[in-house]
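Take a look at the structure below.
The values are calculated or read from the model by the stated rules, or taken from the named source; none is laboratory data. Note that this is a predicted model, so its numbers are computed, not measured. All Cβ positions, even for glycine, are placed from backbone atoms using ideal geometry, and neighbour counts span all protein chains on display.
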Amino acid sequence: MKALVWHGKEDIRCDTVSDPEIEDDRDAIIKVTSCAICGSDLHLYHNFIPAMLPGDIMGHEMMGEVVEVGKGVNGHLKKGERIVVPFTIWCGECEQCKRGNYSVCERTNRKKDLADKVFGHGTAGLFGYTHLTGGYPGGQAEYLRVPFADKTHIKVPDSLTDEQVLFLGDILPTGWQAAVQCDIEPTDTVAVWGCGPVGQMAIRGAILLGAKQVIAIDRLPERLSMAEAAGATTINFETESVVDGLNELTGGKGPEKCIDATGLEAHVSLAQPDTIYDRAKQMLMLESDRPHVLREMIYVCRPAGTISVPGVYAGLVDKFPMGIAMNKGLTFRMGQTHVNRWTDDLLKRIEDGQIDPSFVITHTASLEQGPEMYKVFRDKRDSCIKVVLKP
Ligand SMILES: NC(=O)c1ccc[n+]([C@@H]2O[C@H](COP(=O)([O-])OP(=O)(O)OC[C@H]3O[C@@H](n4cnc5c(N)ncnc54)[C@H](O)[C@@H]3O)[C@@H](O)[C@H]2O)c1
Ligand SMILES: [Zn+2]
Ligand SMILES: [Zn+2]
């Protein structure tokens, strides 16, 4: 089959690889009908997340038709059914899964020994996302093996298009979880850093959850316009002061809730000298991440407020203002998304017409065009916001 394969930094190719096969009774194989490129894939593209190996198949946002099921799937999935695959692989039986903490499932990471060493305690298996999370082949491919498939799926009705449901596997529940973790009250201002696909979903989530005001921060006009279309007020961090803007819009008090939908690759610019410092340290391998957004959030957040972090961080950050966070009494919420915790509710909201996540798609291409589309998405060329690939 054809698949997008990681060969090294900024080197993803559309290769011919072996078709996946059932390896375990709880596996299923799907024929992928649609998959997407995520901001998290860009961190792998730039080799900022450790433990990718040449030959790894990319992709963790995908859906398709079930073409084969293992004996242990026990009727939970049948051939011919149409499913979205959540990027977090979960077993449904461990203590964490029983609590709904699927992204830290204790049983699905098949490289748990490695993960335990690095993290203290390993986390769940993820598709197409490094050997620290199991080294499972991803879904930017014609076919995908889904481990623990009796649990790891979201069945979707034929009445909805691929584009309407594909993002149930990642960015929709990710933006939603980021907003839910803010425990939004009707008097709250929610500020969202980053108006990429995750930020867009977080903005809409915060509005649906009843925030008084949502303020969206980015520098790319097309992304800011998309945030405005949802009802957000916007700040362009390249031309305005984020801290002044947020204080002005909140009567000088700062937003109660702050969401980091940017992650470890904050934009580097002379106007934000700490980003130059971070970039230099990153190049010297003295720091793995560029935490400008975290610093800004901690500084501007209202005392006793909440910092919610869906943005991915890889390792060590420097000059983290712990003293400010502690003294202001801030609450931190973060994590890889517990996808299936949210998807019954979100699918219903899509069916009811309350949300249609397809608004974020700007580019549709073939799998062969995938390597080029990584560059288009990375460089935000052609006003690119979200790429869907059709294997
Ligand atoms: N927690 C999860 O489970 C999960 C799931 C999906 C994605 N993610 C992460 O969410 C983050 C966003 O993903 P995406 O797909 O939207 O990616 P993206 O790269 O398209 O979006 C990031 C946005 O942040 C903006 N940005 C950069 N520096 C900024 C700054 N200083 N202030 C404000 N905005 C800034 C960029 O201009 C860009 O629009 C990534 O880190 C990704 O890895 C996490
Ligand atoms: Zn993702
Ligand atoms: Zn589990």
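Pairs needed: first member in segment 200-224, free of Cβ contacts under 8 Å to residues at least 24 places away in the same chain; second member anywhere, part of a helix (DSSP H, G or I) and surrounded by fewer than 17 Cβ atoms within 10 Å (Cβ to Cβ); C-beta distance under 9 Å; at least 6 residues apart or different chains. Here the result reads 221/383, each pair linking segment 200-224 to a residue that is part of a helix (DSSP H, G or I) and surrounded by fewer than 17 Cβ atoms within 10 Å (Cβ to Cβ). When segment 48-68 is limited to residues that are more than 12 Å from ligand 2 (Cβ to nearest atom) and assigned to a loop (DSSP other than H, G, I, E, B), the one that is surrounded by the most Cβ atoms within 10 Å (Cβ to Cβ) turns out to be 52.
Residues considered: 112, 31, 71. Of these, the only one that is in contact (Cβ under 8 Å) with a residue 40 or more places away in the chain, surrounded by 14 or more Cβ atoms within 10 Å (Cβ to Cβ) and of a type in the set (Lys, Arg) is 31.
Contact map, segment 278-291: residues that are closer than 19 Å to residue 194 by Cβ and of a type in the set (A, V, I, L, M) paired with residues that are at pLDDT below 95 and outside any loop (DSSP other than H, G, I, E, B), Cβ distance under 9 Å, separation 6+ or inter-chain. No pairs are found.
Is it the case, given these coordinates, that residue 234 is surrounded by 17 or more Cβ atoms within 10 Å (Cβ to Cβ), part of a loop (DSSP other than H, G, I, E, B) and either in contact with a helix residue (DSSP H, G or I) (Cβ under 6 Å, 6 or more places away or on another chain) or charged (D, E, K, R) (or both)? Answer is no for this residue.
Pairs are defined by a Cβ separation below 9 Å, a sequence spacing of at least 6 or placement on different chains, a first member in segment 79-101 that is within 20 Å of residue 24 (Cα to Cα) and of a type in the set (Phe, Trp, Tyr), and a second member that is away from ligand 2 (no atom under 16 Å from the Cβ) and outside any loop (DSSP other than H, G, I, E, B); the pairs so defined are 90/96; 90/97. Cβ-Cβ distances below 8 Å connect the following pairs, each with a first residue in segment 3-26 that is in contact (Cβ under 8 Å) with a residue 60 or more places away in the chain and over 21 Å from residue 43 (Cβ atoms), a second residue that is hydroxyl-bearing (Ser, Thr, Tyr) and crowded, with 17+ Cβ neighbours inside 10 Å, and a separation of six or more residues or different chains: 19/143; 20/143.
Here residue 269 passes the criteria (1) among the hydroxyl-bearing types (Ser, Thr, Tyr); (2) in contact (Cβ under 8 Å) with a residue 40 or more places away in the chain; (3) under 22 Å from residue 195 (Cβ atoms) except the one numbered (2). Away from ligand 2 (no atom under 16 Å from the Cβ), surrounded by fewer than 22 Cβ atoms within 10 Å (Cβ to Cβ) and under 30 Å from residue 291 (Cβ atoms) - does that describe any residue in segment 11-21? Checked against the condition, which is being away from ligand 2 (no atom under 16 Å from the Cβ), surrounded by fewer than 22 Cβ atoms within 10 Å (Cβ to Cβ) and under 30 Å from residue 291 (Cβ atoms), segment 11-21 yields at least one hit. Residue count for segment 1-41, restricted to those that are in contact with a strand residue (DSSP E or B) (Cβ under 7 Å, 6 or more places away or on another chain) and part of a strand (DSSP E or B): 21.
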